[in-house]
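A quick write-up on the structure given underneath.
The values are calculated or read from the model by the stated rules, or taken from the named source; none is laboratory data. This is a predicted model, so every value here is computed, not measured. Backbone-built Cβ (ideal geometry, glycine too); neighbour counts: all protein chains shown. These accessible areas exclude ligands, DNA and RNA; they are computed on the full protein's heavy atoms, side chains included. Shrake-Rupley method; radii C 1.70, N 1.55, O 1.52, S 1.80 Å.
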Amino acid sequence: MLIVYPKNVIVKIACIGWGSLIWNPKNLLNAGTWFNDGPKLPVEYLRQSANGRITLVIHPDATPVTTYWTLMATNDIPAARESLRSREGISFARANQYIGTIQKGREYRDNIEQGIADWMNERTIDATIWTRLPPKFDGINGKVATVTEVIGYLQKLEGEGRQNAEEYIRKTPGQIKTTYRAAIEKALGWTPASH
């Protein structure tokens, strides 16, 4: 249950990012600046998307990396959640499952939420939202591909699918150094793009 703040209280809401949200926020209601000192979260290239990309998602067995964050340009938590849901193309029916939200002073359900809460406590942030899509491979939600499977998949891509996959990996900020990324860079030479 979300805390309802009185209208005269300014609520600072952060949004955490680690992938395309940073360089392509589209219609996200954020304040515009991304900071590189977000919470350490276990993210990895584990979600096969429809356009050929293998995208980063949180997975408890991944190595934690320092993420990015931005302030939302709204102090309304439901509006911030809806903005992220829309940007990520998540259906209304899946929003509660795939959009993470925590607020200061609430109970946290796992180590990931606790880590975000600890990070929030070091800042004047009241709530945080993030994308909680699961791993996906071979069309199976929840399937965690091995690094060998991911590289094999990427190597077989052609045309626009390959371009999309390469762009996503190259544009991911260099500080998001995951185990799979190191292996992909070695196998395919897809090193971070210079900014």
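Quick notes on this structure:
- Cα gyration tensor category, rounded, prolate or oblate, for region 84-158 with a/c compared to 1.5: prolate
- Protection proxy ranking, peptides 80-86, 26-32, 175-181, average beta carbon neighbours within 10 Å, highest first: 80-86, 175-181, 26-32
- Accessible surface for the chain, divided over its residues, is 51 Å² per residue with a 1.4 Å probe.
- Carbon plus sulfur fraction of accessible area for region 70-195, probe 1.4 Å, in percent: 47
- Rel. contact order, % - alpha carbon contacts under 8 angstrom, at least six apart, the chain: 28
- Per-residue ellipticity at 222 nm from helix content only, as computed over the chain with -39500 (n - 2.57) for each DSSP H run of at least four residues, stands at -9500 deg cm²/dmol.
- Set 40/171; 26/177; 40/177; 136/156; 40/104 screened for pairs whose C-alpha atoms are more than 21 Å apart: 26/177
- If only the Cβ of Lys and Arg carry +1 and only the Cβ of Asp and Glu carry -1, the dipole of the chain around its Cα centre is close to 220 debye.
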